[in-house]
Amino acid sequence: MALSDQKIQALGRDGLQLAASGDFAGAEVLFAQAVEARPNSGQLLHLLGQVRLKLGRFAEAREPLERAVAFLPRDTAAQINLAGCLGQLGQHEAALATLDRAARLKPGDAAIAFNRGRTLETLGRTDEAEHAYDEALSIDHRLIPALSARANLLAARGDWVGALGDLDRALASRPDEHALKLRRGELLLRQGDWSRGLIDYEARLDIASDRYAPALPRWQGEPLGGPLLIYPEQNDIECDEAVRDTLMLARGIDAVIQCSASVADLVEAPTVRRNAQLQGFAAAAPLRSLPHLLGWTLEALPPPGALQAKAQPSARIGWFARTAPPGGTSVESDPAQVANCGSVVGNDTPATHIAALLGIPTLMLMPSSADWLWGPRRGPSPWYPNLEIAGEDDPETLAAWLERR
């Protein structure tokens, strides 16, 4: 039975109320009924597409949004929502064309310029993306997403000053925005500025994520009346990143290490498994917070921890790097044999850290996007007395280091 105009209006009104309360599933049912009754209503089609976007059902949102744009060719909001839907579906060229139409309809709109920048960046057209962000910020100099996005672009090309300037401006408007603080901290730390960067880096702990944290008070450096637990933040305590962080950072503090069984068999320190009961512990701290809590600097790091194993060096070269060894070089690639190597070349992996902890001469090959813990400098590392760092794209340093072995 056909619905009356009054009934269709009631469906639309009730759908808007449900959407405003966050019940997008309920709103979708009502808007779908209204669209079925009035299939040529651009406004109803737009509303139906919007709630499907909110529900994350992008493929189903596309059709009503495309129809809405056809019926509402001068509605910029419909164009923007269609562009967002197309972007979620990986149709970035189509999304850019839609945003271009929106920009012609509403020139001087900061949000449209910003969304064009994001789409251009996704397409790899970074110079045009930066220009779009510049345009957005010329319209609204406090547009936080544009400042953050431009900061990422500038940092990627090595313009640290420009990137930090954008983040500082963003934080001036939103001083409690944890994601912005974290990004600024990471940029400062990548340059080796630990005095400022470590404080901002702690903002990561206040961002909702799947980061692991035990059910204990967070230690802030105060005296404790019981033992302290230190732990890797990764949910998978067996993963390479968790093992690497434990081997590298569990130093300079009287604490119990929460770690995997494989790490517990390696280190000379009290340990506890992740699934163990934690009664009796006074507080806990993530390993990556220790530099901040204990006042470490790259120039004054505590000595590395000790391992239970001892090196049994031979003439073998341990090779644990993505870079292939020089032709004709005989190497050992089994991480279980690292203690029996006379020298080691590797990336930032557990085997390389074990070699460095064992006192084996070690060369670590770093990508340009290396972990901030290492600092910006190459050459001898302050983390281990027998470790040197070279870039992955520096074959001359690698060849010279191998020549000395």
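What does the range 220-327 give for Rg and for Dmax, in Å, if only its C-alpha atoms count?
Calculated on Cα positions, Rg and Dmax stand at 16.1, 58 Å.
What does the charge dipole of the range 1-73 about its Cα centre add up to, to the nearest 20 debye, if the Cβ of each Lys and Arg holds +1 and the Cβ of each Asp and Glu holds -1?
Working: 8 positive and 8 negative charges, 18 e Å.
In debye, rounded to 20, the range 1-73 gives about 80.
According to a simple spin-label model (label point 7 Å from Cα along Cα-to-Cβ), what is the distance in nm between ASN152 and GLN308?
My value for the distance between the label points is 4.4 nm.
Relative to the longest principal Cα axis of the chain, at what angle does helix 42-54 sit, 0 to 90 degrees, rounded to 10?
Computed tilt is about 20 degrees.
Compute for the range 303-346: radius of gyration divided by Kirkwood radius, i.e. Rg/Rh, restricted to C-alpha atoms, rounded to two decimals. All intermediate terms of the calculation are to be shown ahead of the outcome.
Details: Rg = 11.5 Å, Rh = 11.3 Å.
Taking Rh as the inverse mean 1/r over Cα pairs, Rg/Rh reads 1.02.
I'm spelling it out carefully: the read-out is percent of Cα pairs over 37 Å apart, the candidates are (i) 17; (ii) 44; (iii) 29, and one was derived from this structure. Which label?
After the calculation, the listed value that fits is (ii).
At q = 0.13, 0.14 Å⁻¹, what is the log10 ratio I(q)/I(0) for the range 266-340, with the Debye formula run over Cα points and no solvent?
Cα-only, vacuum Debye calculation for the range 266-340: -0.74, -0.81.
For the peptides 205-213, 289-297, what is the packing order when you average, over each peptide's residues, the other Cβ atoms within 10 Å and list the highest mean first?
Values: 205-213: 11.3, 289-297: 17.7.
Peptide ranking by packing, descending: 289-297, 205-213.
Please quote Rg/Rh for the range 362-405 to two decimal places, taking the Kirkwood radius as Rh and restricting both calculations to Cα atoms. Walk me through the numbers before you get to the answer.
Values: Rg = 10.1 Å, Rh = 10.7 Å.
So for the range 362-405, dividing Rg by the Kirkwood Rh gives 0.95.
What fraction of the Cα pairs in the range 203-282, stated in percent, has a spacing above 20 angstrom?
32 percent
So, with +1 on the Cβ of K and R and -1 on the Cβ of D and E, and no other charges, what is the size of the charge dipole of the chain about its Cα centre, to the nearest 20 debye?
540 debye
In terms of Cα to Cα distance under 12 Å, which aspartates and glutamates are near enough to LYS310, apart from those fewer than 8 places away along the same chain?
Cross-link targets: GLU268.
With a bin width of 10 angstrom, please list the P(r) values of the range 46-195 as percents of all Cα-Cα pairs, from the 0 bin to the one holding the largest distance.
12, 34, 31, 17, 4, 0
Report the residues of the range 235-251 in range of a label on ALA300: point 7 Å along Cα→C-beta, backbone N strictly under 18 Å from it.
Hits in the range 235-251 for ALA300 at 18 Å: 251.
Rule-of-thumb check for the range 22-101: C-alpha Rg over 2.2 N^0.38 Å?
Working: Rg = 11.8 Å, N = 80, 2.2 N^0.38 = 11.6 Å.
Rg over 2.2 N^0.38 Å, computed on Cα atoms: 1.01.
Could the peptides 49-58, 150-159 be put in order, highest first, of the mean number of other beta-carbon atoms found within 10 Å of their residues? Intermediate values should be presented prior to the final figure.
On the way: 49-58: 19.5, 150-159: 17.8.
Ranking the peptides 49-58, 150-159 by packing returns 49-58, 150-159.
Report the normalised scattering of the range 138-194 as log10 I(q)/I(0) at q = 0.13, 0.20, 0.29 Å⁻¹, calculated by the Debye formula with identical scatterers on the alpha carbons.
For the range 138-194, the Cα-only Debye profile gives -0.28, -0.65, -1.24.
For all pairs of alpha-carbon atoms in the range 270-405, what percent lies in each bin of width 10 Å, listed from the first bin to the last filled one?
11, 38, 31, 16, 4, 0
Going by alpha carbons, how many degrees (0 to 90, nearest 10) lie between the helix axis of 178-190 and the longest principal axis of the chain?
Value to nearest ten degrees: 40.
For the chain, what is the mean residue ellipticity at 222 nm derived from helices alone (per DSSP H run of n ≥ 4: -39500 (n - 2.57); sum divided by total residues; nearest 500 deg cm²/dmol)?
Details: 17 runs with 194 residues, N = 405.
Taken over the chain, the calculation gives -14500 deg cm²/dmol.
Considering only the chain, what is the antiparallel percent among its DSSP beta bridges, to the nearest 5? Numbers along the way, then the final one.
Working: 4 of 27 bridges.
Looking only at bridges with both residues in the chain, the antiparallel portion is about 15 percent.
Along the positive direction of the dipole of the chain (beta-carbon charges: Lys, Arg +1; Asp, Glu -1; about the Cα centre), which of ASN340, TRP160, ALA136 reaches farthest?
ALA136
With unit charges on the beta carbons (Lys and Arg positive, Asp and Glu negative) and the dipole taken about the Cα centre of the range 14-73, which residue among ALA59, ALA32, ALA19 sits farthest to the positive side?
ALA59
Determine, for each peptide in 6-13, 327-334, 309-316, the mean count of other beta carbons within 10 angstrom over its residues, then list the peptides with the highest first.
Numbers: 6-13: 15.4, 327-334: 10.9, 309-316: 13.1.
Packing proxy ranking, top to bottom: 6-13, 309-316, 327-334.
Where a number appears in this text, it was derived from the coordinates with a stated rule and is not lab data. Given the structure is predicted, the values throughout are model-derived calculations rather than measurements. Reconstructed Cβ throughout: ideal geometry from the backbone, glycine too, with neighbour counts over all protein chains shown.
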